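See below for the structure under consideration.
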Amino acid sequence: MSFFEKLKNGLSKTRENFTERIEELIGGSVALDDDFMEELEMLLIAGDVGMKTTEKIMQAMHKAIVKREIKTPDEVMPFLQKYVAELLHVEGQRMHLTGKPSVVLVVGVNGVGKTTTIGKLSNYYRLLGYKVMIAAGDTFRAAAAEQLKIWGERAQVEVIAHGEGADPAAVVFDGVKAAIARNMGILFIDTAGRLHNKSNLMKELDKIHRVIQREIPAAPHETLLVLDATTGQNAISQARIFLETANVTGVVLTKLDGTAKGGVVIAIKEELGLDVKWIGVGEGMMDFRPFEPESFVKALFTKN
Ligand SMILES: Nc1nc2c(ncn2[C@@H]2O[C@H](COP(=O)(O)OP(=O)(O)O)[C@@H](O)[C@H]2O)c(=O)[nH]1
Ligand SMILES: [Mg+2]
């Protein structure tokens, strides 16, 4: 199965929940009247696109209707497709990997897919020719380091780990030292995602930052926030907390396979101002790609 097919299959529930309902509305409407607009607005909100984004889309549609760019319900879908693709447009360089080594800090709450993502990313960059190392900064959860070591073996990269309960900053310190000494291109740092207490999270991330920056002042070069697409709007509220505590440079959106809440991609960009840089569509090493707005929109809006 090609990646696009995987993505399309993964988004089939989102299509049912979102695209197909809009199609039904369009099919059952003869005019672009207030009822139509209200109904469409409801469907966008229900599709996890977010309030702010929904308003923006509705305003753009009103404008297009006034300007006679859209005259009938049939013209709504092509408009939406084009508009959403423009909203999702990604600018500039995807990942800033200019350091020697570049440090990529991976944050997010427990269970969203941080460790899995680090495994996938490590493999991805190793195949591109980078020398990659991983620091197992999640020392909180039992077996977290073990899970990372298994990924390290699969991806053929070295994992720096201490025992359970160790100080994450100490692991990060060792990781940074080792990465410099061994001339690595990228050091990925896994973290624990304890969100029960914002000030604890902040303290832990602060400490990790200080340790990294003592050795590499420009690091971390990227701070990737991992969000689980199946949690919809909750992912957005989680993200806000991390935005307050870490200098997030991009989002990895996992579990797009099988979620009905794929519309959250649009909300992440519009409500949080963050680019989705990577998407996950499964648990395997290759179920993972850079986020491409065009293929995402195509997968979201194309019928089976
Ligand atoms: N279906 C699916 N499962 C995923 C994806 N990414 C991660 N997972 C699963 O989510 C669970 C939690 O992942 P993990 O990497 O341990 O999360 P962490 O606690 O943030 O490190 C594991 O069972 C992973 O296999 C994805 O893109 N799709
Ligand atoms: Mg983990």
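Checked against the criteria, Gly165 does not count as outside any strand (DSSP E or B), more than 16 Å from ligand 2 (Cβ to nearest atom), on the phi > 0 side of the Ramachandran plot and open to solvent by 50 Å² or more (accessible area, probe 1.4 Å).
Looking for something more than 20 Å from Tyr83 (Cβ to Cβ), within 16 Å of ligand 2 (Cβ to nearest atom), touching an Asp or Glu at 6+ places or on another chain (Cβ under 8 Å) and of a type outside the set (Asp, Glu) - is there at least one such residue anywhere in the stretch 257-268? No - not one qualifying residue is present in the stretch 257-268. Kindly indicate which of Thr245, Thr223, Thr231, Thr302 is open to solvent by 10 Å² or more (accessible area, probe 1.4 Å) and either under 27 Å from Arg154 (Cα atoms) or at pLDDT 90 or above (or both). Exactly one of Thr245, Thr223, Thr231, Thr302 is open to solvent by 10 Å² or more (accessible area, probe 1.4 Å) and either under 27 Å from Arg154 (Cα atoms) or at pLDDT 90 or above (or both), namely Thr231. Looking at Thr115, is it open to solvent by less than 20 Å² (accessible area, probe 1.4 Å) and not in a loop (DSSP other than H, G, I, E, B)? For Thr115, the condition - open to solvent by less than 20 Å² (accessible area, probe 1.4 Å) and not in a loop (DSSP other than H, G, I, E, B) - is met. Would you check if Tyr83 is within 15 Å of Val157 (Cβ to Cβ) and either open to solvent by less than 50 Å² (accessible area, probe 1.4 Å) or within 16 Å of ligand 2 (Cβ to nearest atom) (or both)? For Tyr83, the condition - within 15 Å of Val157 (Cβ to Cβ) and either open to solvent by less than 50 Å² (accessible area, probe 1.4 Å) or within 16 Å of ligand 2 (Cβ to nearest atom) (or both) - is not met. Scanning the stretch 211-229 for residues that are touching a residue at least 12 places away in the same chain (Cβ under 8 Å) and over 12 Å from the mean Cα position of the chain (by Cα) gives Val211, Ile212, Glu215, Ile216, Ala218, Ala219, Pro220, His221, Glu222.
Restricting attention to the stretch 168-187, the residues that are open to solvent by 10 Å² or more (accessible area, probe 1.4 Å), in contact (Cβ under 8 Å) with a residue 60 or more places away in the chain and among the hydrophobic types (A, V, I, L, M, F, W, C) total 2.
Only one of the numbered conditions (1) within 15 Å of ligand 1 (Cβ to nearest atom); (2) in a helix (DSSP H, G or I); (3) free of Cβ contacts under 8 Å to residues at least 60 places away in the same chain; (4) of a type in the set (Val, Ile, Thr) is not met by Thr139, and that is (2).
Identify all residues within the stretch 38-57 that are open to solvent by less than 10 Å² (accessible area, probe 1.4 Å) and under 22 Å from Glu69 (Cα atoms); write none if there are none. The answer is Leu40, Leu44, Thr53, Thr54, Ile57. Among the numbered conditions (1) touching an Asp or Glu at 6+ places or on another chain (Cβ under 9 Å); (2) closer than 20 Å to Met285 by Cα; (3) within 13 Å of ligand 1 (Cβ to nearest atom); (4) in contact (Cβ under 8 Å) with a residue 24 or more places away in the chain, the only one that Trp151 does not meet is (1). Does Arg126 count as away from ligand 2 (no atom under 16 Å from the Cβ) and assigned to a loop (DSSP other than H, G, I, E, B)? No, not satisfied. The residues listed here are Met42, Met77; of these, the one that is without any contact (Cβ under 8 Å) to a residue 24 or more places away in the chain and within 24 Å of Thr259 (Cα to Cα) is Met42. Is it the case that some residue within the stretch 188-204 is modelled with pLDDT of 95 or more, more than 15 Å from ligand 2 (Cβ to nearest atom) and either outside any loop (DSSP other than H, G, I, E, B) or buried (at least 16 other Cβ atoms within 10 Å of the Cβ) (or both)? For the stretch 188-204, residues modelled with pLDDT of 95 or more, more than 15 Å from ligand 2 (Cβ to nearest atom) and either outside any loop (DSSP other than H, G, I, E, B) or buried (at least 16 other Cβ atoms within 10 Å of the Cβ) (or both): absent. Of all residues in the stretch 1-36, those being hydrophobic (A, V, I, L, M, F, W, C), without any contact (Cβ under 8 Å) to a residue 60 or more places away in the chain and crowded, with 16+ Cβ neighbours inside 10 Å number 5. A search for C-beta distances below 6 Å between a residue of the stretch 276-298 that is closer than 10 Å to Leu7 by Cα and any residue that is outside any helix (DSSP H, G or I) and among the aromatic types (Phe, Trp, Tyr), counting only pairs 6+ apart in sequence or on different chains, returns Ile279/Phe291; Gly280/Phe288. Looking at Val265, Val297, just one residue is β-branched (Val, Ile, Thr), more than 28 Å from Val103 (Cα to Cα) and crowded, with 19+ Cβ neighbours inside 10 Å, and that residue is Val297.
The values are calculated or read from the model by the stated rules, or taken from the named source; none is laboratory data. Because the structure is a prediction, the values reported are computed rather than measured. Glycine also receives a Cβ, built like all others from the backbone with ideal geometry; neighbour counts cover every protein chain displayed. In case anyone asks, the SASA skips ligands and DNA or RNA and just uses the protein heavy atoms, side chains included. Shrake-Rupley method; radii C 1.70, N 1.55, O 1.52, S 1.80 Å.
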